[in-house]
Every structure is written in C-alpha cells, then in structure tokens.
Amino acid sequence: MTALLEARGVNKRFGAVVAAADIDISIAAGERVSLIGSNGAGKTTFVNMITGYLKPDEGRITLDGRDITPLAPRAITRLGVARSFQIPQLYGDLSVLDNMLVANACHDQALSFWQPARRASALDRADALLERFRLAEHRERRVAELPGGIRKLLDIAMALTAAPKLLLLDEPTSGVSAEEKFPMMETIMSALGQEAMTVLFVEHDMDIVERYASRVVAFYSGRIIADGVPGEALATDDVRRYVTGELLQE
Amino acid sequence: MNEVFTILIDGLTYASWLFIVALGLTLVFGVLKILNIAHGSFYALGAYAAASFVGWGASMQWAPAYSLVAMLLAAVVVAAVVAPLTERGLLRFFYGRDEVLLVLVTYAMFLILEDVTKLVWGANPYYVSEPYSLFGNVHVGVQTWVGYDFALVALAVVVGLLVWWGLNRTRQGKVMLAVIHSAEIAASMGVNVSRVYMLAFSVGIFLAALGGAFTAPMISVQPGVSVGVIIVSFAVVIIGGLGSIEGAAVGALIVGLARSLAVHTAPVAELFSIYIVMAVVLMFRPEGLFQRTQARKI
Amino acid sequence: MAAVMNSLPAKPSASALPAHGRTVALGVLAFAVLAVVGFFSPKWLTFLITMAAANGLVSLGIVCLMRGGVVPFGQGMVFAIGGYTAALMFNKLGFTDALGLPLAGGLVAVLIAAPFAPLLSRYRGIFFAMLTLALSMVTYGLLMKLDMLGGSDGFNVGRPTLLGQKLPDARVGYILYLVTLGVATVMGLLARVYFDSTRGLVTLAVRENELRVEYLGGSVRQAMAINFVLAAFCGGLGGALVVMSLGHIEPNFSFWTTSGEFVFVAILAGWQSVAAVFVASTVLEVVRSFSSAYFPNTWQLALGLFLLFVIRFLPKGIGSLWTKGSTK
C-alpha cells in the first residue's frame, strides 16, 4: 500500500524551541489519523508544514510520492490537500452560501469574468455539502452572526469543496460545548464518510479520539512518542504521562 | 566643483524645512498610526499665521528681529488652537479603525481646512519678506546665499535634537516611545494613552506650523501651498520609514538632494525626481530606510 | 432603476442569465430615459451629466480595487494617460472618432499600467495607496515638464467626429452626452456581470481573508493584478471621454488632488452598487458646479464635511441604502 503522505526526517526549530524533531511518518490513503499531544507538542506545526505555511529546517514531506516541501500553500491545496482551522477562517460579511461559493470559485480551475458565482452547478455542489453538514437552514444567514459550532462546521464544509485527497482538521471540536462535541463530530464524520478521503485531525478530547480515529499519533516536545491503533497507543506509558496526564510526570 | 557645492547647499536648505515638517508627520504616524494628509494644511496655517503676526508686528513698528519671535508664536498658537480641536473634536471618533480609513478622514480634514484658510485669510497671496533679510548674505566662493537659509538649517538641527532629546531623555518622551511600540500594552500599564495621543498630535502640528511659519518669508503664502507640501512630506517619510526620526532626517536630505540635483543638472526631472525615488523605495524596501513599520505584503 | 441594476435576487435562479437579462434591460431603459431627458435639457445640464458619467467611470475602476480591499490614491495616472492619448491622437494623428478615442485611451492606459500590476498586487493598505500616489505624481511631473506634451498648460482638443460624420455645432454637446452615457452604461453593465462572476466573488473574499483564499486554492495576487488592469482601462476610458467633451487636457489630470476626488466618489458610492458610483459622481459634479458659482470658497468644505458624514454614518457608502443584504 503506497503511502499518501510521508514525512521523512522533518526537523523544525523556532530559536531554542524544538517544534519538530526527526519526524518520520507514513500515512496511507483512507486512514483516519488523530494527532494528539499537549499544547506546544508540535501537532499544529506539523500540520502547518504539510500545508506549506511553514517550511521544515530539514527533511521532506511527500504527497503521493511528490515532494511538496518547498511548495506554497496554494500549490499544495491544488494537489489535493485541504484544511480547516482552529479559529474558523470565514467571510463574516458574506452569507453561508456565499462562503461556500467562494470556496467553489477559488478551487475552480477555470475562473471566469462573466460566469455568475451563483450558477447552477456551483449552487448544487454548495447545497449538497451544506445538507451533509446540516447547515442548509443557515444558508442565507450572515456568517458573522452565527454561533461557534456552526462556524466550525462551515469551515470544514468549505475545505471539502475541493474534494481533497487529504483533509486536515485542526481541533474540529475545540471551543464547542461538551454536549455538542459528539453530535458535531458525528455530523463531520458522516459527512466525510461518503468520500474516500484520508483525514488527519488534531484533537484533545480522548473520547472523540477513541471513537473516530483508526490510528493515533502522539506528539511530545516535537517528537512522535506513540503511533498505533487507539487502544494500544493510548495505553502506552509515554502517552499516559505526557498527553493524557493519567500518569504523573516525575 | 562649484556646481557640486551649489547642489549640496541647495539640497541642504531645502531639506531643512522639509525635515521639520516631515518630523511632525512621522511622529503623528508613529504614535497615532495616522498618515495625516492634512499635515500640509497645518503647514499652511503656520505660514498664514506667521504672515499675520509678522504683519501686526511691522505695523506696530517693532524691530525686524521680533519677527522671528512672531513666527515662533504663530506656530505655537496654531498648535495650541487647532490641535485640541482636531484631535478631540474629530480624530478620536475614528481611532482604531482601518489605517486607510483614517487617511480618508484626514483627507476630509484637508478639504475642510483648505476652505477655512481661504475664508479667514482670503485668496490673495501674502508676502512676509521682512524676516528674510535678517541674516544678511553669505558669500561662499563665488556664490551668494541668503543667510536666512542657513539659519533655517540651524533651526532644523535644533528641532531635531530637541525632539530626539525629548523622546529619549525625558519621562514623557519615554512614555511616548512605549505608546509607539504598543498603545495597548502601554494602556494596560496605566499610561493615559489619550493624553499621549494629544501630546504627540500637538507636537506634530506644531512642527508642521513651525515649518510653515519659518518658510513663509521664502514663498508666497497662498491657497494651494499645502497641496505641494504634503506630497513631498509623504515622499520623505516613506523613504525614511514611517515613524522614524532618523528616517525623517535622512529622507529629507535625500529628497532635498534629489531635487537639487535635478534642478541643476536635469530640469526636466525636477518635479518627478522626488517621486521616482519614493516609488523606487516603495518597490524595493517599502518599510523605508529605517524600518519601524511592516509593509503589508503578500 | 438603481435598485435593480445592482443586486441579484436573493433566491438563486437556475441560470443567472435571466437576472442579468433584467439588469441589462433596466440599464438600457435608464439610458433611454436619460437620452430623452438630455434632448430637452439645457446645455449646462447635459455637460454636467456627461462629466459625471465620464468621471464616474474612473471611480468605477477604483471600486473594482476597493472590492479587493485596497484604495488606490493614484488613478489620476490612468485618467491622464487616457486623456493625453485621446488628445494626442486627435492633434497629431488626426484620429477623431468619438468612439475610437475612448477605446484607444483605455487600451493605452492598460498598456502603460499593466507592467505595474504584478508589483502592486503584492501591496496593501497605506503602502498600496502611497505607491499608486507616487506613480501618479511621477506621471504628473513628466507631463508638466515635457513640452512636446504641452507642458504645464496642456493643450486644446478640437471637436470629435462620429463614425466619419462631422458633428453639427448645435448638437455636438448632446451627441457626446449620448456617447459618454452609452459607454458608461455598457461599462456599468459589464462591471455588474464581473462583480457577480466567480472572479468577482474571489475579489470580495480577498478583501476579507486573503489567507483563506490561498488555502482554498485561489490566487490573491492574480485577482488583484487583474483588478488593477481593469481599473486602468476604466480610468483611461474616462480620461478620454472627459477630454472629448472638455476640449482640453492638462497635467493636473494626474495630480493627487484629482485622484482624491475619484476616491471621494468611490467612498461615497460604496462598492455594492454600480449605479451608486454614477449617482455619487453626479453628486460631486453638482456640488462642484453650484458651489463654484455661488459659494466659491466653500465647496471643498462641503465635500470634506460630506465625506466625514459618509465615513461615520454610511461606511458602506450610499449604495448600501438600496442594496439588500451585505453580500455582493
């Protein structure tokens, strides 16, 4: 099984802070991988390096065998990578529908000076995605007025517009109240379920990780300290000590 | 060789009043983050006020030397009257808004002040020529320069040093430096940011008016003076770097010399030499020579 | 008229063509109404509206850029280039067609501005404004000093012809009025189509969140470079049209205060409605004309106060008064 995403020998420092140290990882198509670790462990840095926002000091990242390390975010997006953001990056002044249409237009290879943004094909795709994410009722509402949970879902729906091969979700349930987390994750996962997509999601809530991840990769101080199915990875001493806090650190 | 000397001196004299004015502009930007299109209007107000004050002094038969005091007084009065009015009465309603929006507000101020000046002083030019001969003539080589021009250079140096000293050696100045770095953090440390804004704006206006007042003897004071001044001042602060004192000095020198060079060697370029330098700086080093602010670039 | 000329219906249609069809119909209707009104109007009024329409085109270009989040302070440059192109072609090449001259003005403006587009597309905020300002002042300086271009006085331009026909004395003002309004209507409709297009929507997105645009696969720089070129075309078109009716061109066209007036109109109009741009331009012309005649020392004061009022209370411009919702 060829890897969809590979990172080899990736290192990144910010001055004295080690954000990534000898990261070696291989992710196959179709996997649902959860990245866990305490704050500052290196998860978001890793995601940023995959999406091209940061460049590693050393090492390579490849997508489908192609070296994406030096590419800009836009180029990487066009190769089939999409991401959502911890703080949703939306167009507050526009409606939910228009946000989806923006995603549609940006992804469109044939941008037009005269084709209306609100043409049938774009609307159909946007509406279909809004349905899957249970956002259809908010279609015409101005995004700035929407509550946090809806904004997170929209953020992810927009990322899906490009039908990516690899989807990166940065803390999809953060900032969402406890009783909303599971329903939200359900919505997201069932929406994704219909596509053959590889998903990496950064997550702090272990219940969610156990339920939705097929694989867990744990970070600490820029290193990967555990990598495996949730049942095993979450049971290792390292993870229990440095991530979940079940074991006290000496 | 004579030619080079002439170019240098001409450039220096032009740079001196320009420095005083640009210093005010860059200070206001540094503290309040406002690029003030109306800065040239305050220059004009200073020039007009100087014309009036010097005129009154002359009509009361005061000795010509008092005209210098009159000009200084003019700048002080302009700053004392106009600064609070503008800052408290108008600008503070727009603090925190987009920087380009604030530029537009100052553009509106410029439009308003253009007509206010015309309404108060009329549309005919004023000539304040008495002070210009106060310092006699200076002979350098075969060239003769008016002593006043060199006095202006001296004034520029004094002003520059005073502002530098005020910012770096006084308590109020250091508080202002703190606000320049971050108004938010300064406020959370108990600094009365409003008062600092007021002070900075007043000093800025004073400097503009000072430049106007002391340049009045060299020009004809008439409507439209502000229009040329602001645009050259922009060039200076962009070249030198927004918010930087050294930048204002170096920028003024560069602009002064560029213009002087053009005037003497390639008159065709006189008008656009300054803006070519400005454009080139923006293209290659948009933060200016003495970086303070980041140019937002993709 | 204004209300429909700018907003698409909130409910999406199966194809947007019927909606644009309606906009086109209303645009044509507006033109027809103005044509009739102009026929019976006094010369000063048709001249005023002609100037408003031609100047409005330049501000329309500014709106293209404002939709992307930047405010250019140097449209005087393309305005002057368009004007000088028309004037020089008329005087030196003997080309006098009232339709050809504006087109030439627009194209030459694009030719000269286009090399700067990739550079300018990387700037925002004050630095964008200052760079466009600098370029327009360089142009001004050149125009002032180059005697072969008329120097500081500029020069006069004779009466254009239309499709080979000489224009009779009595009707030349009205004919130029029709030509200018016609061009403005066509450009306004094209602008509306562009604003509603996929590229137009990406431009709006750039204004609000550039980062996300790139992460969605869009190119911010390409969008802004294109907007800059379009603004140059509009500016050049407007400049040529003004010169044809005014009969005179001078370096002041490129001075920063001229650019400032175009920005004023764009701010007054807002970027939601195309019609608002021309309405705002007319407001400026009216204020300018009447104030010059009756209160010569207060028209700038009036403009300044008006601008402050708009910035404070109508931050989205007068177009927001009749445009539904906050999209577009």
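Cβ-Cβ contacts under 6 Å between residues 6 or more apart (or on different chains), taken from a first residue in the stretch A:26-50 that is of a type in the set (A, V, I, L, M) to a second residue that is assigned to a helix (DSSP H, G or I), are listed as A:Leu35/A:Lys43.
What's the total number of residues in the stretch A:96-118 that are of a type in the set (Gly, Ala, Ser) and either buried (at least 20 other Cβ atoms within 10 Å of the Cβ) or assigned to a helix (DSSP H, G or I) (or both)? Within the stretch A:96-118, residues that are of a type in the set (Gly, Ala, Ser) and either buried (at least 20 other Cβ atoms within 10 Å of the Cβ) or assigned to a helix (DSSP H, G or I) (or both) number 3.
Taking the criterion of being of a type in the set (A, V, I, L, M) and away from chain B (no Cβ under 14 Å), the residues of the stretch C:71-95 that qualify are C:Val78, C:Ile81, C:Ala86, C:Ala87, C:Leu88, C:Met89, C:Leu93. Restricting the first member to the stretch B:118-133 and to residues that are within 14 Å of another protein chain (Cβ to nearest Cβ), and the second to residues that are hydroxyl-bearing (Ser, Thr, Tyr), the beta-carbon pairs closer than 7 Å and six or more apart or on different chains are B:Trp121/B:Tyr48.
Determine whether B:Gly288 is closer than 17 Å to B:Val159 by Cβ and either out of contact with any strand residue (DSSP E or B) (no Cβ under 9 Å at 6 or more places or on another chain) or not in a helix (DSSP H, G or I) (or both). When the stated conditions are applied, B:Gly288 does not pass them. Among strands (runs of 3 or more DSSP E) entirely within the stretch A:1-78, having at least 3 residues that are within 29 Å of A:Thr244 (Cα to Cα) singles out A:3-14, A:17-28, A:32-36. Among the criteria (1) within 14 Å of chain B (Cβ to nearest Cβ); (2) touching a helix residue (DSSP H, G or I) at 6+ places or on another chain (Cβ under 7 Å); (3) not acidic (Asp, Glu), the one C:Met148 does not fulfil is (2). Here is the figure for the stretch C:287-317: residues that are more than 11 Å from chain B (Cβ to nearest Cβ) and touching a residue at least 40 places away in the same chain (Cβ under 8 Å) total 4. Only residues that are surrounded by fewer than 20 Cβ atoms within 10 Å (Cβ to Cβ) and either acidic (Asp, Glu) or more than 18 Å from A:Val209 (Cβ to Cβ) (or both) were counted across the stretch A:32-47, and they come to 1. Taking each residue of the stretch C:146-167 that is under 11 Å from C:Ile249 (Cα atoms) and modelled with pLDDT of 85 or more and looking for partners that are β-branched (Val, Ile, Thr) and part of a helix (DSSP H, G or I) with beta-carbon atoms closer than 9 Å, six or more apart or interchain, yields C:Val157/C:Val243.
Checking B:Gly247, B:Gly243, B:Gly288 one by one, the residue that is under 30 Å from B:His181 (Cβ atoms) and modelled with pLDDT of 90 or more is B:Gly247 and no other.
Yes/no per residue for (1) surrounded by fewer than 18 Cβ atoms within 10 Å (Cβ to Cβ); (2) aromatic (Phe, Trp, Tyr):
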{"position": "C:Leu111", "(1), (2)": "yes, no"}
{"position": "C:Leu131", "(1), (2)": "no, no"}
{"position": "C:Pro160", "(1), (2)": "no, no"}
{"position": "C:Tyr194", "(1), (2)": "no, yes"}
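The set of residues from the stretch B:60-85 being under 15 Å from the mean Cα position of the chain (by Cα) and over 23 Å from B:Ala151 (Cβ atoms) comprises just one member, B:Ala83. Do we find a residue being more than 23 Å from the chain's Cα centre (by Cα) and either among the charged types (D, E, K, R) or within 14 Å of chain A (Cβ to nearest Cβ) (or both) anywhere in the stretch C:170-184? Taking every residue of the stretch C:170-184 in turn, at least one turns out to be more than 23 Å from the chain's Cα centre (by Cα) and either among the charged types (D, E, K, R) or within 14 Å of chain A (Cβ to nearest Cβ) (or both).
Within the stretch B:91-134, the set of residues being surrounded by fewer than 17 Cβ atoms within 10 Å (Cβ to Cβ) and either assigned to a loop (DSSP other than H, G, I, E, B) or under 19 Å from the mean Cα position of the chain (by Cα) (or both) comprises B:Tyr95, B:Gly96, B:Arg97, B:Asp98, B:Gly122, B:Ala123, B:Asn124, B:Pro125, B:Tyr127, B:Ser129, B:Leu134. Among the residues of the stretch A:93-137, those that are at the interface with another protein chain (Cβ under 7 Å from one of its Cβ atoms) and closer than 27 Å to A:Met184 by Cα comprise A:Asp93, A:Leu94, A:Ser95, A:Asp98, A:Leu101, A:Val102, A:Ala103, A:Ala105, A:Cys106, A:His107, A:Leu123. The set of residues in the stretch B:65-117 being among the aromatic types (Phe, Trp, Tyr) and either facing another protein chain (nearest Cβ under 9 Å) or on the phi > 0 side of the Ramachandran plot (or both) consists of B:Phe93, B:Phe94, B:Tyr107, B:Phe110.
Matching residues to (1) more than 15 Å from the chain's Cα centre (by Cα); (2) farther than 22 Å from B:Ala151 by Cβ; (3) assigned to a helix (DSSP H, G or I):
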{"position": "B:Leu8", "(1), (2), (3)": "yes, no, yes"}
{"position": "B:Gly11", "(1), (2), (3)": "yes, no, yes"}
{"position": "B:Ala15", "(1), (2), (3)": "no, no, yes"}
{"position": "B:Val21", "(1), (2), (3)": "no, no, yes"}
{"position": "B:Leu27", "(1), (2), (3)": "no, yes, yes"}
{"position": "B:Gly30", "(1), (2), (3)": "no, yes, yes"}
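The combined condition, being assigned by TED's automatic domain parsing to the domain that holds A:Leu4 and at pLDDT 90 or above, is not fulfilled by A:Asp98.
The values are calculated or read from the model by the stated rules, or taken from the named source; none is laboratory data. Please read these numbers as outputs of a predicted model, since none were measured by experiment. Heads up, the Cβs are rebuilt from the backbone with ideal geometry, glycines too, and the neighbour counts pull from every protein chain shown.
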